[in-house]
1. Choose one of GLN259, LEU71, ALA86: the residue whose Cα lies farthest towards the positive end of the charge dipole of the chain (beta-carbon charges +1 Lys, Arg; -1 Asp, Glu; about the Cα centre).
2. Can you pull a Stokes-Einstein diffusion coefficient for the chain at 20 °C (1.002 mPa s), Rh from Kirkwood over Cα pairs, as a whole number of µm²/s?
3. How large are Rg and Dmax for the stretch 192-280 when calculated on the C-alpha trace, in angstrom?
4. Between beta-carbons, use under 15 Å as the cut-off and find the net charge around SER133, counting Lys and Arg +1, Asp and Glu -1.
5. May I ask you to sort LEU220, LEU109, LEU47 by Cβ crowding, counting other Cβ atoms within 10 Å and putting the fewest first?
6. Per-residue HN-Hα couplings for the stretch 45-56, Karplus 6.51 cos²θ - 1.76 cosθ + 1.60 at θ = phi - 60°, whole Hz, x for Gly and Pro?
7. Can you list residues whose amide H is under 5 Å from TRP157's amide H, if they're 5+ apart or on another chain and H is modeled 1.01 Å from N?
8. Counting trypsin sites (Lys or Arg not before Pro) as exposed when in a DSSP loop with at most 11 other beta carbons within 10 Å, what is the longest stretch of the chain free of them?
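No lab work stands behind these numbers, since they all come straight from the coordinates. All of these numbers come straight from a predicted model, not from anything done at the bench. A quick note on method: Cβ atoms are made from the backbone with ideal geometry, for glycine too, and the neighbour counts reach across all protein chains shown.
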Amino acid sequence: MNFIKMTLAAILMTLSVFTGPAFSTETDSPKKILVLTFSSGFKHSSLALSEEIVAHIGKESGVYEADCLGLYKKEAKDIDLSFLTADYLAKYDAVLFYTTSGSRERDLLTPEQKEAFAEYIRSGKGAYIGSHSASDTFYEWQDYNDVVGGYFDGHPWGSNSDPVTIKVEDQDHPATRMLEEEWVIQDEIYQFKPESFSRDRSHVLLSLDTSKTDMGKKGLNDGKDGDYPVAWCHYFGEGRCFYTSLGHREDVWANKTFQEHLLGGIKWALGLAEGAPEQD
């Protein structure tokens, strides 16, 4: 445990290296984001660092203030989301999920809470940002599928696999403007349940370059016509939703490019930066 704390401290001490002028912005007053990291399934080792970095880049940029609840510290049996009501959500401009619902899915939220959350996004009162395992959450809730955009279906390319090449499909979006045509990165790369994801619903920003990737991995599904999206955005009603499947590894969270990618997606979700898709 001491080693983990020392490693976390070392990474946080280097944040000034990874955050700088690229985060400069002008806002009249920062937005407010609720950060949820409850994990009743697999608990990622990067959860503590993710909260620190989400808060840090918000403060450095002046774009938002992050309310990080530290829910990742809770054991599955002790997770209590009863506070997540319409009145509570009304205090925030967006909610960021880095979560897993696991075996407690059915009792984490009541039907009333689910409807309140869906309406919060659908009405445009709030935005949704999802990172990595946010797509490994609430499988039995159709509105959540429509908000996050797709459900996790394994990670053939594990966190210790060789780096992969990601295609940048939209270089004009705030979440991808810092990238060239390709992004080579080492992280845990997800595939998604084909029936849960649709390009008709979501605007794909990043996808796996299958021509430069080992496609002989065990457990590989066929994607949707061989399609393996990595990050996307869309609308749920009036609400903006941004999701990136990256963010398993600690060094990814500490990476300046990933931080800029995430911040750009957050700015788009908050309506502070424009890019496709535009609302009809």
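1. Going by the charge dipole, the pick is LEU71.
2. Here the translational diffusion coefficient equals 114 µm²/s.
3. Gyration radius and largest Cα-Cα distance of the stretch 192-280: 14.5, 41 Å.
4. -3
5. Arranged by neighbour count, lowest to highest, LEU220, LEU109, LEU47 become LEU220, LEU109, LEU47.
6. With coefficients 6.51, -1.76 and 1.60, one gets 6, 8, 4, 4, 5, 4, 4, 4, 6, 4, 5, 5 Hz.
7. ILE189
8. Free of exposed loop sites, the longest segment is 92-217.
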